[in-house]
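> Could you have a look at this structure, given as structure tokens, before my questions?
The values are calculated or read from the model by the stated rules, or taken from the named source; none is laboratory data. These numbers were taken from a predicted model, which means no experiment stands behind them. Cβ placement follows ideal geometry from the backbone for every residue including glycine, while neighbour counts extend to all protein chains displayed.
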Amino acid sequence: MTIHIKQCTLEELGLLQEISIETFTETFKHQNSPENMRAYLEKAFHLNQLEKELSNISSEFYIIYSNEEMAGYLKINIHDAQTELMGNDALEVERIYIRKNFHKQGLGKYLLNKAIEIAKQRNKKKIWLGVWEHNENAIAFYQKMDFVKTGAHSFYMGDDEQIDLIMTKVLS
């Protein structure tokens, strides 16, 4: 298996939208109403929204390829692009999305390690993320990667308020 990661550009906006909708739907459609899923997908992954995020100098997207096939992506935020005020010494992992047929191949670990590498290069002291409190597989993965629960915040899926656990890893 050949793995490579490259930074996403505006030229890949359509692909980014496609994989965002696909992976989010695969992961969360069974736990949410069709109306709330539709509302969230239309807002979060609208081309204009993704273009705005890709154009933000404090956010970066990285696509992971497995055997030359787009398998998923990572979105990181620093400074004011973070979804919570965590300070300038922090880097947020906002998304790690892996397509279903690429699960259990270690690609999430590749992307998380990429985020950690970037955080260290930029002299960040911590890396953090929000994960849905009912996403037990993801929580177990982050715990295995030395993240600890440090808080929680609200996440809205349409009109349904849900809770994301905030998990943090202090970098050495």
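> Just one of the numbered conditions (1) surrounded by fewer than 17 Cβ atoms within 10 Å (Cβ to Cβ); (2) under 30 Å from residue 69 (Cβ atoms); (3) in contact (Cβ under 8 Å) with a residue 40 or more places away in the chain; (4) in contact with a helix residue (DSSP H, G or I) (Cβ under 9 Å, 6 or more places away or on another chain) is not true of residue 109; which one?
In the conditions (1) surrounded by fewer than 17 Cβ atoms within 10 Å (Cβ to Cβ); (2) under 30 Å from residue 69 (Cβ atoms); (3) in contact (Cβ under 8 Å) with a residue 40 or more places away in the chain; (4) in contact with a helix residue (DSSP H, G or I) (Cβ under 9 Å, 6 or more places away or on another chain), residue 109 misses (3) alone.
> Show me the helices (runs of 4 or more DSSP H) entirely contained within segment 8-60 in which 2 or more residues are surrounded by 18 or more Cβ atoms within 10 Å (Cβ to Cβ) and in contact with a Phe, Trp or Tyr (Cβ under 6 Å, 6 or more places away or on another chain).
In segment 8-60, 13-28 are the helices (runs of 4 or more DSSP H) which contain 2 or more residues that are surrounded by 18 or more Cβ atoms within 10 Å (Cβ to Cβ) and in contact with a Phe, Trp or Tyr (Cβ under 6 Å, 6 or more places away or on another chain).
> Does residue 37 satisfy the criteria of being over 24 Å from residue 157 (Cα atoms) and of a type in the set (A, V, I, L, M)?
no
> How many residues does segment 83-97 contain that are within 19 Å of residue 53 (Cα to Cα) and at pLDDT 95 or above?
Count: 8.
> Considering only segment 123-151, state which residues are in contact with a strand residue (DSSP E or B) (Cβ under 7 Å, 6 or more places away or on another chain) and loosely packed, with under 14 Cβ neighbours inside 10 Å.
Residues satisfying the conditions are 146, 148, 151.
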